[in-house]
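Here is the structure we will look at, set down as structure tokens.
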Amino acid sequence: MEAEETLAVPIEEIQLFIETVKGCSEYNFSDYSVKSLSRRLEKVLIDNKTTMANLVTKIRNNKDFLEKTVRDITVNTTELFRDPKAWHAIKYGILPQFKDYNTVNIWHAGCSTGQEVYSMLILLYEMDFFHKANVFASDINIQVLEEAKKGVYKYRFNIEYLDNFDKVIKENPYNPDEHTDVPYSKYFDINKVNDIIKMKQFLVAKPVFKKHDLVKPENVFYTKFDLIVCRNVLIYFNFDLQNRIFDFFHDNLFDSGFLLLGMHESMLGPITAKYDKRGLIYRKK
Ligand SMILES: C[S@@+](CC[C@H](N)C(=O)[O-])C[C@H]1O[C@@H](n2cnc3c(N)ncnc32)[C@H](O)[C@@H]1O
């Protein structure tokens, strides 16, 4: 565990929570970042108007409550074309390398409600890789996966999606004069009255979504990958778990396969010897 510091929930209570969950379920939060766990647990305690002692009792006795609590302590924030700079790295630095491949296998690990997956599918379509791509996506939280499978999102709440779309799909950051006119309706329908953005069926039908817990080093898709996208997930884990996952990704990438992390995530220590890094992009050595 990380060095002790002022935490929103005392370390003993966090440990009690971790041990309780480990004892009565398949989940293991031992290697999650204590700081982030403490913030999430504080919110859970406030929302449930309860104490840790009562929370763990309820977790032990009520499977549904356990699942709900697990959902509540994982952060599911995501967007369409989140961090356009990362998508520029994919568009100009990674996908062109697959030009001569017959198939391209892409895994979104920790995909949340799926906006990242639909962003990838749209980009693949624009770049003419859609037909040869196999897109896999996973998350520990089955509720977000159910939403991801539907591809229906709130419109007003996510209005900046269109701006991100324009930056990645219509504009070229390396050439301000370039502008590709791609109508939104090619990829999703916007219903302002009902406040909905709905991904087109040909996108919704493409990805394979599965539950997967990154704490467990198992490959639930039984294939290797040309690109693994794991953004804004490892930030919630401690250094040891991050490194085990980087090793696991390395084993499950094809030779010279790519790994893309979140804008504020990076590799440190001996594991870096297994990857080449260029800008935001990691490549298996
Ligand atoms: C902040 S979201 C990131 C979503 C998306 N990758 C993005 O960058 O927009 C983090 C996701 O990681 C998932 N997650 C947390 N712990 C996980 C684990 N052990 N295994 C797989 N997914 C996990 C959460 O359920 C959540 O949906």
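The values are calculated or read from the model by the stated rules, or taken from the named source; none is laboratory data. Treat the numbers as computed from the prediction; the structure is a model and nothing was measured. As a convention, Cβ positions derive from the backbone with ideal geometry for all residues, glycine included, and neighbour counts pool all protein chains shown.
Data overview
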item: Residue in the stretch 73-123 that is farthest from Val233 (Cα to Cα), counting only those that are more than 9 Å from the ligand (Cβ to nearest atom), touching a residue at least 60 places away in the same chain (Cβ under 8 Å) and of a type in the set (D, E, K, R); result: Lys91
item: Total residues in the stretch 100-117, condition assigned to a helix (DSSP H, G or I) and hydrophobic (A, V, I, L, M, F, W, C); result: 1
item: Residue match in the stretch 30-49 (condition: over 24 Å from Val233 (Cα atoms) and in a loop (DSSP other than H, G, I, E, B)); result: yes
item: Qualifying residue in the stretch 19-28 (condition: more than 30 Å from Asn172 (Cβ to Cβ), of a type in the set (S, T, N, Q), within 12 Å of the ligand (Cβ to nearest atom) and at pLDDT 95 or above); result: yes
item: Single match in Leu37, Leu55 (criterion: within 16 Å of the ligand (Cβ to nearest atom) and among the aliphatic types (A, V, I, L, M)); result: Leu37
item: Condition check for His131: without any contact (Cβ under 8 Å) to a residue 12 or more places away in the chain and away from the ligand (no atom under 15 Å from the Cβ); result: yes
item: Given (1) assigned by TED's automatic domain parsing to the domain that holds Asn172; (2) more than 22 Å from Leu259 (Cβ to Cβ); (3) loosely packed, with under 15 Cβ neighbours inside 10 Å; (4) of a type in the set (Asp, Glu), number of the condition Asp100 does not satisfy; result: (2)
item: 2 or more residues within 14 Å of the ligand (Cβ to nearest atom), touching a residue at least 24 places away in the same chain (Cβ under 8 Å) and outside the structural domain of Ser36 (by TED's automatic domain parsing): qualifying strands (runs of 3 or more DSSP E) within the stretch 195-285; result: 208-211, 225-230, 253-261
item: Scope the stretch 138-162; condition within 16 Å of the ligand (Cβ to nearest atom) and either of a type in the set (D, E, K, R) or outside any helix (DSSP H, G or I) (or both); matching residues; result: Ser138, Asp139, Ile140, Asn141, Glu146, Glu147, Lys149, Lys150, Gly151, Tyr153, Lys154, Glu160
item: Verdict on Val117 being closer than 17 Å to Phe188 by Cβ, assigned by TED's automatic domain parsing to the domain that holds Leu234, surrounded by 15 or more Cβ atoms within 10 Å (Cβ to Cβ) and in contact with a strand residue (DSSP E or B) (Cβ under 8 Å, 6 or more places away or on another chain); result: yes
